[in-house]
Amino acid sequence: MDAPLERTLVLIKPDGVKRGLVGKILTAFEEVGLKLVGLRLVQASRDHVANHYPNTPEWIRGMGEKTLNSYAEHGKDPVAEMGTDDPMAIGEIIKGWNIDYLTSGPVVAMVLEGYHAIGVVRKLCGHTLPLNADPGSLRGRFSSDSPVVANALRRAIQNLLHASSTVEEAAHEIRHWFGEEGLCSYRRADEAVLAGKDA
Ligand code: GDP
Ligand code: MG
């Protein structure tokens with residue numbers, strides 16, 4: 001059997017660190033059975049954060065389109081608020097706000113390993129927008145920021161966490177934050193039970 005074992009990168013963004021939520025967030029990941037294989041507290045540079053993102057034209061356009069959708073949903077005029085309705089230009093603006101956000105204080109970078117770890121972690125984090133995040137998810141429990149307010153204040157939505165969303169994104173992000181040899185291999189005490197090999 002090809003075990004669907006994955007590794008994924010999570011960042012606890014500066015709002016999570018400053019609000020003292022690191023312990024609760026780590027607990028949520030540990031207690032579902034994900035294994036912590038990398039962990040660092042870092043004050044990242046603007047250049048480091050800029051290269052954390054894929055930065056492809058498709059990714060920038062996608063960010064811009066998502067933001068345009070949220071403007072439309074809330075009856076806001078992107079030209080009045082952002083000076084443009086071009087998805088590429090808006091994507092670049094949001095990217096800049098994310099660089100401001102992720103360098104506004106230390107972040108906790110971690111790598112988690114487990115079956116379907118990328119999807120499991122995204123589910124635990126919850127939807128990007130706190131209003132749409134399930135109440136039991138980390139963003140649902142601990143954040144309530146609004147895209148309308150964030151856009152008006154020209155900053156990123158504060159939503160506590162970043163989590164890789166694809167295998168390719170995870171591979172790039174893990175290398176970017178931990179290098180080639182920054183991770184640990186070990187057995188969790190409950191590993192046989194979690195893997196269903198203890199019955
Ligand atoms: P994620 O994967 O759920 O974090 O969401 P994305 O990759 O789409 O966006 C990256 C980050 O940009 C989000 O976590 C938010 O902090 C921020 N962001 C996303 N969309 C918007 C938006 O429409 N307005 C603002 N101000 N920030 C946004
Ligand atoms: Mg993302």
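The values are calculated or read from the model by the stated rules, or taken from the named source; none is laboratory data. Since the model is a prediction, treat every value here as computed from it, not as a measurement. Note: ideal-geometry Cβ built from the backbone for every residue, glycine included; neighbour counts use all protein chains shown. Note: accessible area is taken over every heavy atom of the protein model, side chains too, but ligands, DNA and RNA are not part of it. Shrake-Rupley method; radii C 1.70, N 1.55, O 1.52, S 1.80 Å.
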- prompt: At a 1.4 Å probe, what is the % contribution of carbon and sulfur to the accessible area of the chain?
  reply: 53
The chain - mean residue ellipticity at 222 nm from DSSP helices (-39,500 (n - 2.57) per run, n ≥ 4, rounded to 500): -13000 deg cm²/dmol
task: Determine one quarter of the surface area of the Cα convex hull of region 22-134, which equals its mean projected area, and express it in nm² to one decimal.
output: 8.4
query: So if R0 is 35 Å, what FRET efficiency would residue 190 and residue 65 give, r being the distance between their Cβ atoms, rounded to the nearest 0.05?
result: 0.25
field: Burial ranking of peptide ranges 163-171, 51-59 (average Cβ count within 10 Å, highest at the top)
entry: 163-171, 51-59
Estimated D of region 62-199 in µm² per second, where Rh is the Kirkwood radius over Cα pairs and Stokes-Einstein applies at 4 °C, 1.567 mPa s: 75
- line: What one gets for region 1-80 as the Kirkwood radius, inverse of mean 1/r over different Cα pairs in Å, is 16.4
- request: Mind scanning 13/197; 24/123; 18/76; 13/123; 13/66; 35/66 and naming the pairs with a C-alpha gap bigger than 27 Å?
  value: 13/197; 18/76; 35/66
query: residue 80 to residue 46: extension gain in nm, 0.36 nm per residue of separation minus the Cα-Cα distance?
result: 9.4 nm
task: Only Lys, Arg, Asp and Glu count, each charged at its Cβ (+1, +1, -1, -1), so figure out the dipole size of the chain about its Cα centre, rounded to 20 debye.
output: 620
